[in-house]
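Derivation of every value follows stated rules applied to the coordinates shown; laboratory data play no part. Just so we're clear, the structure is a prediction, and the values are computed from it rather than from any experiment. Every residue, glycine among them, receives a Cβ derived from its backbone with ideal geometry; neighbour counts consider all protein chains shown.
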Amino acid sequence: MSFSYIRPATDEDGPAIARLITGIFKDYENCHFVDEEYAELAHPASYYAAMGGQIWVAEEDGEIVGSLAIAESLTPGVFELFKVYVSKKARGQGLAWSMFNLATDLVDSRNGHSIRLWTDTRFVEGHQFYEKIGFQKIPVLRFLGDLSNSWEFAYRLDAKDH
């Protein structure tokens with residue numbers, strides 16, 4: 001039996017994170033991974049560090065099977081969650097929850113009071129995860145205008161809830 005472990009991502013992990021996301025997107029109609037729309041993956045660790053955050057990956061047998069990033073927003077005390085992906089074969093192991101706990105530790109260490117995120121309307125399993133861990137859906141919808149014609153829901157979690 002193989003097992004997964006979580007570690008801080010490096011800039012060299014960008015191509016592997018892109019493969020993870022590409023594999024997940026294949027399960028959704030008209031959901032395309034386009035390199036130009038994910039420029040941050042050229043140097044993911046540096047990118048999120050420059051935003052006052054961090055990105056983690058879950059690795060299993062040398063393959064990246066999960067990712068999660070958090071960064072400071074322009075609003076003091078508010079952080080934003082990004083790149084929350086777990087491959088289908090690695091779901092149900094608590095990887096997203098474990099990476100999320102690392103993110104909330106960072107938020108707490110910086111006296112953050114809330115976390116927000118945007119998620120594609122097609123990612124129903126992700127919505128269920130966010131709601132399970134206490135995020136509240138906000139009645140806002142945004143259109144990205146990307147190749148996939150993505151619409152996204154907004155979610156928020158206040159410090160008292162995590």
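Data overview
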item: Built amide H within the under 5 Å cut-off of Val84, gap 5+; result: Ala69
item: Sequence-distant lysines (8 or more away, or on other chains) whose Cα lies within less than 21 Å of Lys26; result: Lys83, Lys88, Lys89
item: Rounded, prolate or oblate (a/c below 1.5 giving rounded, otherwise prolate when a/b exceeds b/c) for segment 1-60 by Cα gyration tensor; result: oblate
item: Modelled FRET efficiency - R0 30 Å, Asp11 with Lys88, Cβ distances, 0.05 increments; result: 0.70
item: Contour minus Cα-Cα distance for Arg142 and Asp27 (0.36 nm per residue); result: 39.2 nm
item: Fully extended contour minus Cα-Cα distance, from Thr121 to Ala49, at 0.36 nm per residue; result: 23.2 nm
